[in-house]
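First the structure, in the form of structure tokens, and then the observations on it.
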Amino acid sequence: MALGVDHTVTGSINRPAGPIAGSDDAALIAAVADIDLARTPDGPFAWANPSTGTTGVIGYVAEEQRDDATCRRFSTTRRDVFGRRQFQGLGCSNDGERWQIVNLSPGT
């Protein structure tokens, strides 16, 4: 009897498409935007997405102007079913209300 390799795919959890997928990016950028840098300029700042169970800690935030947009550079952790990872990001708003993540990449 010969032994072979079982090629059956197992597991029911798919990895996110990007570094932070789905509603996690919305929870993260909302937390970044809500930080009152005038009152509490230093982190850490916790964030969470109750719908996915993802949590993280924003460690650094700095505001800058880019053209007509207010932007915030930040570092954050993300803890989910895949473990804990570190990211560097940039979020911007043209009107001070609607923020979006412009760049988010793995970092230390």
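Which residues, taken from the stretch 78-100, are closer than 15 Å to residue 54 by Cβ, in contact (Cβ under 8 Å) with a residue 60 or more places away in the chain and in contact with a Phe, Trp or Tyr (Cβ under 8 Å, 6 or more places away or on another chain)?
89
For residues in the stretch 51-71 being out of contact with any Lys or Arg (no Cβ under 7 Å at 6 or more places or on another chain) and of a type in the set (A, V, I, L, M), which is surrounded by the most Cβ atoms within 10 Å (Cβ to Cβ)?
Only one residue tops the list, namely 58.
I need the full set of residues from the stretch 26-46 which are farther than 18 Å from residue 98 by Cα and hydrophobic (A, V, I, L, M, F, W, C), in order please. Before you say what the answer is, go through the steps one by one.
From the stretch 26-46, those farther than 18 Å from residue 98 by Cα are 38-46; that's our starting set.
Listed by number, the residues that qualify are 38, 45, 46.
How many residues does the stretch 51-71 contain that are within 17 Å of residue 27 (Cβ to Cβ) and over 14 Å from the mean Cα position of the chain (by Cα)? First the steps, then the outcome.
Taking the stretch 51-71 and keeping what is within 17 Å of residue 27 (Cβ to Cβ), we get 51-59, 61.
Cutting the leftovers down to over 14 Å from the mean Cα position of the chain (by Cα) gives us 51.
Residues that pass the stated criteria total 1.
State yes or no: is residue 74 touching a residue at least 24 places away in the same chain (Cβ under 8 Å) and either under 11 Å from the mean Cα position of the chain (by Cα) or surrounded by 13 or more Cβ atoms within 10 Å (Cβ to Cβ) (or both)?
Details: touching a residue at least 24 places away in the same chain (Cβ under 8 Å): yes; either under 11 Å from the mean Cα position of the chain (by Cα) or surrounded by 13 or more Cβ atoms within 10 Å (Cβ to Cβ) (or both): yes.
When the stated conditions are applied, residue 74 passes them.
Pairs under 9 Å by beta carbon, first residue at negative phi in the stretch 21-46, partner part of a helix (DSSP H, G or I), six or more apart or different chains?
Matching pairs, first to second residue: 45/31; 45/32; 45/34; 46/31.
Coordinate-derived values only; no laboratory data. The shown structure was predicted, so the numbers you read here are calculated from the model rather than taken from an experiment. Ideal geometry is used to build each Cβ from the backbone, glycine not excepted, and the neighbour counts take in all protein chains shown.
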